[in-house]
Amino acid sequence: MDYAIDIRDLTVAYREKPVLWDVDLQVPPGVLIAIVGPNGAGKTSLIKSSLGLIKPAAGSVLIHGRPYSEQRSTVAYVPQRGSVDWDFPTNVLDVVTMGLYGRLGWFKRPGKSERIEALKSLAQVGMEEYATRQISQLSGGQQQRVFLARALVQDANVYFMDEPFQGVDATTERAIVELLQNLRKQGKTVAVVHHDLQTVPEYFDHVMLLNVRRIASGPVEEVFTEDNLRTTYGGRVAFVSALSAARKQ
Amino acid sequence: MSASLEIQLIAVVVAVTCALPGVFLVLQRMSMMSDAISHAILPGIVIAFFITGNLSSPWIILGAAAGGLLTVALVEVLRKTGLLKEDAAIGIVFPALFSVGVILIAQYAGDVHLDIDAVLLGELAFAPFDRITMGGMDLGPRALLVMGVILVVNVVFISVFFKELKLISFDRALAGALGFAPALLHYVLMGLVSVTAVGAFDAVGSILVVALMVAPPASAYLLTDGLKPMIVVSVVIGAVSAVAGYWVAHWLDASIAGAMASMSGVLFLSILILAPHRGLWSVQKRRSNQALLFGRKMLVIHLYNHEGLPEAQHECRMDHLEDHLRWDHAFASRAIRSSLQNDYILQQGPHLSLTETGRKYARSSLVEL
Amino acid sequence: MIDLLTNLFSDYTLRTVALGSALLGITAGSLGGFALLRRQSLLGDAISHAALPGIAIAFLLTGSKAPLVLILGAGIAGWIGAALISVVTTQTRIKYDSALGIMLSVFFGFGLVLLTYIQRQPDANQAGLNSFLFGQAAALIEQDVFLIFVIGSVVILLIALFWKEFKLLSFDSDFLGTLGYPIRTLDYLLTTLFVVAIVIGLQTVGVVLMSAMIIAPAAAARQWTDRLGLMIFLAGIFGAFSGVGGALTSSLIPALPTGPTIVLIVSAIVLISLLFAPNRGLVFRRVRDWQAGKRLRVDAVLVDLYTLASQHSSAEYPHSERVLDVMSSISGPAHQTLKVLKDLDLAIPIDSTHWSLTPEGVLRAERVIERQFGGDS
């Protein structure tokens, strides 16, 4: 079967400490998947190593059957909002246009057609009136929408998003959910690092429970069980015994 | 006492006095404040000199301390406007203050026996000739006495406020919550840095004060964990740099202060490379050993995860490991051999399976994670 | 002033010095923009100090004081310093600030050992090496300026060429990485340009003050604009202006060293920018706050008058100032605000102490109330 995201035996170590250990994840195309787990579970590392930003100690990541380096143009990335300096001297349209830098290649500057594309994706997130606004004047929710617009303009098949709901207002949250569901309708695959367990069943089709190791992944109704959650968030000793118990059955 | 011995003694006292507040600068990520302060005390010194007309007056030290605190306050004001980040604020404030000092000296060069090169670079070799006498009795070189007093002040301050300093170094917010007035303590500490800098700057010059304040504590940071050991080790490294620097300078007939800074750098570099646990060499060695350890652990856990499941037939084959764990053939063989030797796995043709020991090892490794 | 200008055009030395300082200011200022945005404001300080031993070694090895040789030595040493800072901070627990402090002072100390060693060699002619400490713009000759021009042009050209890449590298380097650009290589390239911009300035401004030349023009420029391109351009202009200004001033006033003069001019530009720049400037911000406060006050008194009047038959029913003083939700007497209302034709005095709303005042008050409570109803 052709998986949109196919992660096998992925191990990532920071300095000498493993942050991901022997993780597997297969995501079929056209699925909205939430990646959940406690702080320090390696969620961001999972995304970053999928995007080739961190070199894994072992394992492989395939996007639609091929390594990321060959699939760049079909993958988009929304980093955590807090990872950049929003006082940077640039405006909204400019940030969205950055999504097209990959397609433009070396030395070429974005022109009129790029700006038109960027405006279109700004309209998709309801931010077209803010095109010339300096980014430091945006609210948290608006910043997040700008980052989403930048990913949309990449026109990808697979989207990786790191905490897009972090610190946004209710209106923006609804707008983002709608956007994600639209993407799925177009057959895109979206992997989202998510914090709010309560909304997982409502927003997503699939879920991955992660705590350094993969606890479980698959359709929400099968995987999002109390047992699995306790293993993900509960004590680590408890988790091993639960795992062995499950295995011996 | 011979001049050579006196110079070495002064050098050691200067180095130790600088290392003490330096420990807290390094821990609080404010090392560059030593650079800023050691430059910005210049206008304070010059203005105090204009007022008193005397370079050895205690007012000079107060003027310098005022210059240092002014830097700290200006950086704070600029940062609070939200228009500049802290590093930019530092990078703008101290060159401006230093420039004021240089221009004042240059303009009144005729009247001031302040040589800008000496301010910047210091000259320890002449220190034994500037002596303090009282009632005809020789009390010793002025630099030694001044620095000795500052050393005592530093030691007393750090001993009295040890607990508080420790707290603001490791958890500033908590210190505030407990009512320790971290801001006040911060300013007192910066005042001490200024006073230390002005005392040391006669001997080693303003730029090299930075070396003595930052390099020994940073070296100690690679060797120790607690605050007390870090202070002790910093002091020792500072003193060793001072004596070694003196002899290198003696041998090359070059600047003593420069050689002291160079030696503190050589010590830092050696410790950086050779320090047990945290040194580059040790980290590198552990990494390459750990690659094998890591590989063994991964192999065992991989087998454990797939044990008894339908895909085991496929997942637990040797060739699969190379494929999926992205191991090259040589490394896979090493990991398998090492696991066989440790009695973690059994091999039957291309199939691998866990022993009971291996299962235990896998479980304990998982707990570690 | 006229004298200065005629001198500038006729005096060959002065023209050379001014041109050199201007070129330098442009190069340093524009790279400083990136350094400021990448939070590397103090890296310039470390690199310029770290360059000193390179100058001494270049001289020891070649015996030459040709600017190109010394600049090359300075560049290599500065680059090694920058690379070491990066290695130490990524591979060990040493933090960025300590790494900066150590490289800065230890390299400088080592440079000093070498310089004093050179000085004490019997036949060495070391004059000129010392000028690297504080810089000597007055000693610039045509060849130096030509060198600065060539190197500076290459630097500016490369910034223009890699504009989009450097911009995204500074804003969101991870994202640039996901697009397939080699971020490590780009980082090294930008750092190398940074080192180059610093070392060509050492001769003029000196090791000690070069960092201000890098960071201050950029910090000033940031206040005037929210566009990166304009910011970098302005930083170049500010850099050039302070370079020329400093060089000329110090040539006119005896015993005025060039480097410190340039630094003071550029610091003054920073101060002016922080205070008076539109939008971000402190004065502008204060005025905006004050205006917002005034508007609030006007609205409050208007609503008070309206509320009082609404207890009577007519919305224009007059009321005494004393009542308004007590009632006003904004502290302080209402008299000043009432005068403003009168100027705006929103209220009129009936006698010396009584005021009533005009029809426009009533309308405006109703609008304010609607705006304040509209969301809830």
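Only helices (runs of 4 or more DSSP H) whose full extent lies in region C:1-119 are considered here, and the ones with at least 3 residues that are open to solvent by less than 10 Å² (accessible area, probe 1.4 Å) and within 14 Å of chain B (Cβ to nearest Cβ) are C:12-37, C:43-50, C:52-62, C:67-91, C:96-119. Scanning region B:121-149 for residues that are surrounded by fewer than 17 Cβ atoms within 10 Å (Cβ to Cβ) and outside any helix (DSSP H, G or I) yields a total of 11. Counted as qualifying within region B:155-219 are the helices (runs of 4 or more DSSP H) with 3 or more residues that are in the same structural domain as residue B:43 (by TED's automatic domain parsing), touching a residue at least 24 places away in the same chain (Cβ under 8 Å) and crowded, with 18+ Cβ neighbours inside 10 Å, namely B:162-170, B:182-204. Selection of region A:135-163 for residues being assigned to a helix (DSSP H, G or I), farther than 28 Å from residue A:66 by Cβ and open to solvent by 10 Å² or more (accessible area, probe 1.4 Å) yields A:136, A:137, A:140, A:142, A:143, A:145. When region B:223-253 is examined, which residues are found to be within 11 Å of chain C (Cβ to nearest Cβ) and either crowded, with 24+ Cβ neighbours inside 10 Å or of a type in the set (Val, Ile, Thr) (or both)? Answer for region B:223-253, where residues must be within 11 Å of chain C (Cβ to nearest Cβ) and either crowded, with 24+ Cβ neighbours inside 10 Å or of a type in the set (Val, Ile, Thr) (or both): B:241, B:245, B:248, B:249.
Residues in region A:65-79 that are closer than 28 Å to residue A:232 by Cβ and part of a loop (DSSP other than H, G, I, E, B): A:79 alone.
The set of residues in region C:247-286 that are open to solvent by less than 20 Å² (accessible area, probe 1.4 Å), within 9 Å of chain B (Cβ to nearest Cβ) and aliphatic (A, V, I, L, M) comprises C:262, C:263, C:266, C:270, C:274, C:277. From the list A:102, A:82, A:59, the lone residue that is over 18 Å from the mean Cα position of the chain (by Cα) and either closer than 24 Å to residue C:39 by Cβ or in a helix (DSSP H, G or I) (or both) is A:102. Report yes if residue A:13 is away from chain B (no Cβ under 14 Å) and part of a strand (DSSP E or B), otherwise no. Spelling it out, it is not the case that residue A:13 is away from chain B (no Cβ under 14 Å) and part of a strand (DSSP E or B). Is it fair to say residue C:208 is within 9 Å of chain B (Cβ to nearest Cβ), under 17 Å from residue C:23 (Cβ atoms), in contact with a helix residue (DSSP H, G or I) (Cβ under 9 Å, 6 or more places away or on another chain) and buried (at least 24 other Cβ atoms within 10 Å of the Cβ)? No: the conditions fail for residue C:208.
Taking first residues from region A:120-145 that are farther than 15 Å from residue A:88 by Cβ and in contact (Cβ under 8 Å) with a residue 40 or more places away in the chain and partners that are basic (Lys, Arg) and part of a helix (DSSP H, G or I), the Cβ contacts under 6 Å between residues at least 6 apart in sequence or on separate chains come to A:125/A:145; A:144/A:81. Condition test on residue B:256, is it open to solvent by less than 20 Å² (accessible area, probe 1.4 Å), within 7 Å of another protein chain (Cβ to nearest Cβ) and either touching a strand residue (DSSP E or B) at 6+ places or on another chain (Cβ under 7 Å) or not small (Gly, Ala, Ser) (or both)? When the stated conditions are applied, residue B:256 does not pass them. Within region A:20-33, the set of residues being surrounded by 22 or more Cβ atoms within 10 Å (Cβ to Cβ) and within 11 Å of chain B (Cβ to nearest Cβ) comprises A:20, A:21, A:22, A:23. The test for being small (Gly, Ala, Ser), touching a residue at least 40 places away in the same chain (Cβ under 8 Å) and within 27 Å of residue B:161 (Cβ to Cβ) holds for residue B:239.
Any chance region C:183-200 includes a residue that's in contact with a His (Cβ under 9 Å, 6 or more places away or on another chain), part of a helix (DSSP H, G or I) and small (Gly, Ala, Ser)? No - not one qualifying residue is present in region C:183-200. Taking every residue in region B:81-109 that is farther than 25 Å from residue C:101 by Cα and pairing it with any residue that is of a type in the set (Ser, Thr, Tyr), at least 6 positions away or on another chain, the pairs with Cβ-Cβ distances below 9 Å are B:103/C:261. Residue C:234 meets all of the listed conditions (1) open to solvent by less than 10 Å² (accessible area, probe 1.4 Å); (2) part of a helix (DSSP H, G or I); (3) not acidic (Asp, Glu) but one, namely (1). Only one entry of B:12, B:77, B:100 meets the criterion of being at pLDDT 90 or above and either under 19 Å from the mean Cα position of the chain (by Cα) or crowded, with 24+ Cβ neighbours inside 10 Å (or both), and that entry is B:12.
Could you list, in sequence order, all residues of region B:261-276 that are open to solvent by less than 50 Å² (accessible area, probe 1.4 Å) and more than 7 Å from every other protein chain (Cβ to nearest Cβ)? B:263, B:267, B:270, B:271, B:275, listed by residue number. When restricted to residues that are among the small types (Gly, Ala, Ser) and over 10 Å from residue B:124 (Cβ atoms), region B:232-257 contains 6.
Looking for something within 25 Å of the chain's Cα centre (by Cα), over 24 Å from residue B:185 (Cβ atoms) and not small (Gly, Ala, Ser) - is there at least one such residue anywhere in region B:64-72? Scanning region B:64-72, I find no residue that is within 25 Å of the chain's Cα centre (by Cα), over 24 Å from residue B:185 (Cβ atoms) and not small (Gly, Ala, Ser), so the answer is no. Screening residue A:132 with (1) open to solvent by less than 50 Å² (accessible area, probe 1.4 Å); (2) within 12 Å of another protein chain (Cβ to nearest Cβ); (3) closer than 30 Å to residue B:84 by Cβ; (4) among the polar types (S, T, N, Q) gives one miss only, at (1).
Which one of these does residue B:298 not meet: (1) more than 9 Å from every other protein chain (Cβ to nearest Cβ); (2) at pLDDT below 85; (3) out of contact with any Lys or Arg (no Cβ under 7 Å at 6 or more places or on another chain)? Going through (1) more than 9 Å from every other protein chain (Cβ to nearest Cβ); (2) at pLDDT below 85; (3) out of contact with any Lys or Arg (no Cβ under 7 Å at 6 or more places or on another chain) one by one, residue B:298 breaks only (1). Looking across region C:178-189 at every residue that is open to solvent by 10 Å² or more (accessible area, probe 1.4 Å) and in contact with a helix residue (DSSP H, G or I) (Cβ under 8 Å, 6 or more places away or on another chain), the one that is modelled with the lowest pLDDT is identified as C:180. Can you name the condition, by its number, that residue A:194 falls short on among (1) more than 16 Å from the chain's Cα centre (by Cα); (2) within 27 Å of residue A:63 (Cβ to Cβ)? Failing condition for residue A:194: (1). No other residue among A:53, A:100 is free of Cβ contacts under 8 Å to residues at least 24 places away in the same chain and at the interface with chain C (Cβ under 10 Å from one of its Cβ atoms) apart from A:53.
The helices (runs of 4 or more DSSP H) falling completely within region B:228-315 that include 3 or more residues that are over 26 Å from residue B:157 (Cβ atoms) and touching a His at 6+ places or on another chain (Cβ under 7 Å) map to B:312-315. What are the residues in region A:34-56 that are part of a loop (DSSP other than H, G, I, E, B) and open to solvent by less than 20 Å² (accessible area, probe 1.4 Å), if any? Of everything in region A:34-56, those that are part of a loop (DSSP other than H, G, I, E, B) and open to solvent by less than 20 Å² (accessible area, probe 1.4 Å) turn out to be A:37, A:41, A:42, A:51.
The values are calculated or read from the model by the stated rules, or taken from the named source; none is laboratory data. This is a predicted model, so every value here is computed, not measured. So basically every Cβ, Gly included, is an ideal-geometry build from the backbone, and we count neighbours across all protein chains shown. Keep in mind that these areas ignore ligands, DNA and RNA; they rest on the heavy atoms of the full protein, side chains included. Shrake-Rupley method; radii C 1.70, N 1.55, O 1.52, S 1.80 Å.
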